[in-house]
């Protein structure tokens, strides 16, 4: 029983004879080399652009940091005001490393009156 033929034209013709490899011509080889060279140069240009942009960003950050010394002074002042905290001593689990002066003053109220 023969197969039904479709009315659509075939895009790819069936292979009926052995096909032999034909090496690329000089023109095709040159076109491939030029294409590889273009891709490589584009990649190098892209990397150079990224490095330049990163350098610009870092320079601007250094300039901004150097131009506003008040930020560093504010940060130092806040650090100096904050006392060293011992969380275990704060909740009473272990004795404090530095006894507070307020505890010594409350021991003898008469010592304040004496000259």
Going highest first, how would you order 31-38, 18-25 by mean Cβ packing within 10 Å? 31-38, 18-25
Cα→Cβ-extended label distance, 7 Å offset, between residue 47 and residue 61, nm: 2.2 nm
Diagonalise the Cα gyration tensor of segment 25-67 and give the resulting equivalent ellipsoid semi-axes, square root of 5 times each eigenvalue, largest first, whole Å. 42, 4, 4
Using a 10 Å cut-off on Cβ atoms, rank the peptides 49-57, 9-17 from the highest mean neighbour count down. 49-57, 9-17
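None of the figures in this text is laboratory data; all of them are computed from the coordinates on show. Worth saying up front: this structure is predicted, and the values here are computed from it rather than measured. Because the Cβ atoms are built from the backbone with ideal geometry, glycine has one as well, and the counts that use them run over all protein chains shown.
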